[in-house]
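Please read the structure below before turning to the comments.
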Amino acid sequence: MSRGRGTRRQGRELALKIIYWMKSSEDDLQAVLNDFWSNFRFRNDALGEPADDAPVNEDARLFAEGLVRGVHAHLAEIDHLVSRCSSNWSIDRMARVDLALLRLGAYELLHCPDVPTSVAINEAVEIGKRYGTSETAPFINGILDRIAREKRPAQN
């Protein structure tokens, strides 16, 4: 497990990278996963920096794959909801990192009842601060908050 980050955070960061790669729900997901895992290795302390000798934590890998499979299976539903909850922004105008984070966060809000609303939103926002622009975090927060208010009103 990476220093300073839990297994689930590492898994979400890996899932972000894989979702970023996916073009559509028509992608052969197993091929995308195989490609990703066979071509990239990450240092445990700095995801994103390739390293030939640093294996990914197996629990993080399994968690990431579960998230990616869920996003892939529900992509049309997620994109429709993200599009509806994002004022003045169409999906094709969004930065790819932002869209990948929105897909990940929306999936957790819609299909992972064991993940508290605040955790789903905060994780996407914090990962956005690391991988996105200065506008990513507030953008992600606003849209995921709208989704949560609509889909999880009892937790808001």
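The values are calculated or read from the model by the stated rules, or taken from the named source; none is laboratory data. Note that the structure is predicted; figures quoted are calculated from it, not measured. Using ideal geometry, Cβ is built from the backbone for each residue, glycine included, and neighbour counts are taken over all protein chains shown.
Residue under question is V68, and the condition is that it be assigned by TED's automatic domain parsing to the domain that holds A120 and at pLDDT 90 or above; does it hold? Against the criterion (assigned by TED's automatic domain parsing to the domain that holds A120 and at pLDDT 90 or above), V68 does not qualify. Restricting the stretch 37-65 to residues that are in a helix (DSSP H, G or I) and more than 15 Å from the chain's Cα centre (by Cα) leaves a set whose member that is modelled with the lowest pLDDT is N39.
Would you be able to say whether some residue in the stretch 88-105 is farther than 29 Å from Q30 by Cα and modelled with pLDDT under 95? Scanning the stretch 88-105 turns up at least one residue that is farther than 29 Å from Q30 by Cα and modelled with pLDDT under 95.
How many of the residues in the stretch 130-156 are of a type in the set (K, R) and modelled with pLDDT of 95 or more?
From the stretch 130-156, those of a type in the set (K, R) are 130, 146, 149, 151-152; that's our starting set.
Okay, now just the ones that are also modelled with pLDDT of 95 or more, so 146, 149.
Summing the residues that are of a type in the set (K, R) and modelled with pLDDT of 95 or more in the stretch 130-156 gives 2.
Being closer than 15 Å to G11 by Cβ and either assigned by TED's automatic domain parsing to the domain that holds R8 or touching an Asp or Glu at 6+ places or on another chain (Cβ under 9 Å) (or both) is the requirement here; does I91 meet it? So I91 does not fit the description; no. Applying the criterion of being basic (K, R) and farther than 17 Å from V32 by Cβ to the residues of the stretch 70-106, the residue that is surrounded by the fewest Cβ atoms within 10 Å (Cβ to Cβ) is R93.
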